[in-house]
Structures are given as structure tokens and as C-alpha cells.
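Take a look at the structure below.
The values are calculated or read from the model by the stated rules, or taken from the named source; none is laboratory data. Note that the structure is predicted; figures quoted are calculated from it, not measured. All Cβ positions, even for glycine, are placed from backbone atoms using ideal geometry, and neighbour counts span all protein chains on display.
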Amino acid sequence: MPVTETLSQYSDLSYTTAVAVYVLAMVFFLVEQSFGRRGVQAAQRTRERTKELVGAGAPVATEPTPPGRDTTMPAGRGRIERIGRMGVALTVLGALLHLTALVLRGLATSRVPWGNMYEYIMAVCLIAVVTWLVVLRKNPVRHLSAFVLLPVVILMFVGGTMLYAEAAPVQPALQSYWLVIHVSAAAASSGVFLVPGIASLLYLVRSRHERNPVKWARFGPRLPALEVLDRVAYRATVFAFPVFTFGVLCGAIWAEAAWGRFWGWDPKETTAFVAWVIYAAYLHSRATAGWRGTRAAVINVIGFAVTVFNLFFVNLVTTGLHSYAGV
């Protein structure tokens, strides 16, 4: 069997395994999401009730603490914490398998592994997962990981089934060093934008809970504070926007070299420009008008929706100069 075909098969196997590991990690995170915060809230209510009884002079029965038990953690909370950490470990394992699939795909094709929609989605999802792992180190949002992994798993499933392409050289129009620069910047920014998009969506849900606690009582309290979600969305967008801008500029330079013009209002170019304007408005409104909260989250969600629209509808439905990406 040729080496190229063997590497391609190992890449596909790593890709499939990574999806399975991500799904398993989602299960662990959903367990933590469902039972972790509930246990903490129940323990808080118990402690508050105990304080009320003690304050009223009522005797409170206490049980001896077994040696080695952490009295600051409610019963079962340690187990839930371990399940959450196992979810993170599985996510790291999935990301390593994901990276292996991407590298092997590049070795099998002897080029950068983002020359068609299947490979591009693979790269975007890997960037999204790595970005989220970085966010986890800085913010207490681990129990939200299932909400980030869900679109990743969906995208990878669609890419691995409906958009799968055999390992092969790219078309002559894509055989340029700009494929490395322009498309890598576009994939990196799109992957990072997935994180603030999800964070802003959850911000809107949490905000609705703050205004109507009864209607959103089941789900709203399980989300982090509004300030945490807003901070995650803003910082990730601040990081991704310059990379996205660089990708748009590189695309214009490549267009001039390939088609003799910097800008032609092709559907892909137009939609990318619309997304750029939306994200620029988001950052500008926060820096100058002090827009935070719901208005900023709505703008960020719209930008994320345009990015997804650009990824699928423009590439797969419309006809333009960018509609040849291996589909």
C-alpha cells in the first residue's frame, strides 16, 4: 500500500477517534453541569439553614468528620469535580488526536492540510478546541465545555461525512504560498470566533434569567456570572479580530495576484467584509460608547452567525470564485 494512502487512512482514523473522544468528554461535562452546581447550591442552603438554627439557639447535631475528608466540600462534590477534570483530560486527548489527523493529512497530501472544506473545518474545529482549553486555564467555566464541544462535534461530523474529500493535491488555482498565509489566518480566526459566539449566546440566556428567574430557573442559575461570560467573549474577540483582519488583507493581495483585482464583491469577499464590520462595531462600541452587556452580546452573536453563514452557505450554495474548495 502506498505511503500516502496509509497516512490518509491513519488521518481518517485519528479524526474519527477524536470525534468519539469529544463526545465522551461532552458526557462528562454534562454530568458536571447537571450535578456539580446543584450540589454546591444544596450545600449552601444547608449551611444557611444551620446558621439560622444556631442563631436561634437551637441545638444542631453534628457527625464526626472521618479522617482525611475535606469538610469544606459537600458530599459527592469531590466526585463531580473529578468527573469535570476527566472531561478536560479527554478534551486534551481529543485535541491531540485531532492534531494528529491534521498533520497526517498534510503529510499524505504533501501540502498544508486546509485545501478543501473537509480539511478547513478540521482546522477550524481544532483551533476552537485549543482556544477553549486556554480559556479554561483563566476562567471558572469548565462546566460550559459541553456547549463548546457540541458545535465542534456537529461540524466535524458534517465535515467527515457530507464534505469528506480524498487526500489529493489542490487545484492549480490554490497552488500558491498564499494558501498557507491567507487560509491559515481565516481558519484560526474562525476557530477562535466560535468561543465568543457561544459565550455571548450563553450571556443572553443568563441575562434573561436575571430578568425572569422563574422562567429560566432550570438552566439560568447553572451558568457563570454575566461578568465572566462577557469577559470570555470580549477577550477572545480581541484576539481573533486582528488575525481575521490580516486574513482579509492577505485574501485581497492574493486576489490581485490571481485575478488582477484586489476586490470584486464576490459573495465570499462580501460576506467576510460584513463579518469584519460587525466585529469592528462590537469592539468599537465597547471602547468608545461603553457598550457592554446585552447589546454587545447581540452584536457578537450576529457576527458569529455571519461567520457560520460564510462558512457553509457561501461555500456550498452560492456561485463565485471561492466555490471550488473541494466540494
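Below, the figures for the structure above:
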quantity	calculated
Residue match in the range 308-322 (condition: small (Gly, Ala, Ser), at pLDDT 85 or above and touching a helix residue (DSSP H, G or I) at 6+ places or on another chain (Cβ under 9 Å))	no
Subset of the range 258-316 [under 28 Å from Trp178 (Cα atoms) and basic (Lys, Arg)]	Arg261, Lys268
Residues being hydroxyl-bearing (Ser, Thr, Tyr) and free of Cβ contacts under 8 Å to residues at least 40 places away in the same chain - total across the range 265-287	2
Scope the range 257-276; condition surrounded by 13 or more Cβ atoms within 10 Å (Cβ to Cβ), part of a helix (DSSP H, G or I) and not aromatic (Phe, Trp, Tyr); matching residues	Ala258, Pro267, Lys268, Glu269, Thr270, Thr271, Ala272, Val274, Ala275
Breaking point among (1) part of a loop (DSSP other than H, G, I, E, B); (2) within 18 Å of Phe304 (Cα to Cα), for Val195	(1)
Index of the failed condition, Arg206 passing every other in (1) more than 28 Å from Tyr10 (Cα to Cα); (2) in contact (Cβ under 8 Å) with a residue 40 or more places away in the chain; (3) crowded, with 17+ Cβ neighbours inside 10 Å	(2)
Residue among Arg105, Arg137 that alone is free of Cβ contacts under 8 Å to residues at least 40 places away in the same chain and either surrounded by 22 or more Cβ atoms within 10 Å (Cβ to Cβ) or charged (D, E, K, R) (or both)	Arg137
Subset of the range 288-304 (residues that are part of a helix (DSSP H, G or I) and free of Cβ contacts under 8 Å to residues at least 60 places away in the same chain)	Thr288, Ala289, Arg295, Ile299, Ile302
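Per-residue answers, yes or no, for (1) closer than 15 Å to Tyr118 by Cβ; (2) free of Cβ contacts under 8 Å to residues at least 60 places away in the same chain; (3) in contact with a Phe, Trp or Tyr (Cβ under 6 Å, 6 or more places away or on another chain):
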site: His143; (1), (2), (3): no, no, no
site: Phe147; (1), (2), (3): no, yes, no
site: Met156; (1), (2), (3): yes, no, no
site: Pro172; (1), (2), (3): no, yes, no
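For (1) in contact with a Pro (Cβ under 6 Å, 6 or more places away or on another chain); (2) surrounded by 22 or more Cβ atoms within 10 Å (Cβ to Cβ); (3) at pLDDT below 95; (4) among the basic types (Lys, Arg), each residue gets a yes or a no:
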{"site": "Thr91", "(1), (2), (3), (4)": "no, yes, no, no"}
{"site": "Gly94", "(1), (2), (3), (4)": "no, yes, no, no"}
{"site": "Leu99", "(1), (2), (3), (4)": "no, no, no, no"}
{"site": "Tyr120", "(1), (2), (3), (4)": "no, yes, yes, no"}
{"site": "Cys125", "(1), (2), (3), (4)": "no, yes, no, no"}
{"site": "Val130", "(1), (2), (3), (4)": "no, no, no, no"}
{"site": "Val158", "(1), (2), (3), (4)": "no, no, yes, no"}
{"site": "Met162", "(1), (2), (3), (4)": "no, no, yes, no"}
{"site": "Ala173", "(1), (2), (3), (4)": "no, no, yes, no"}
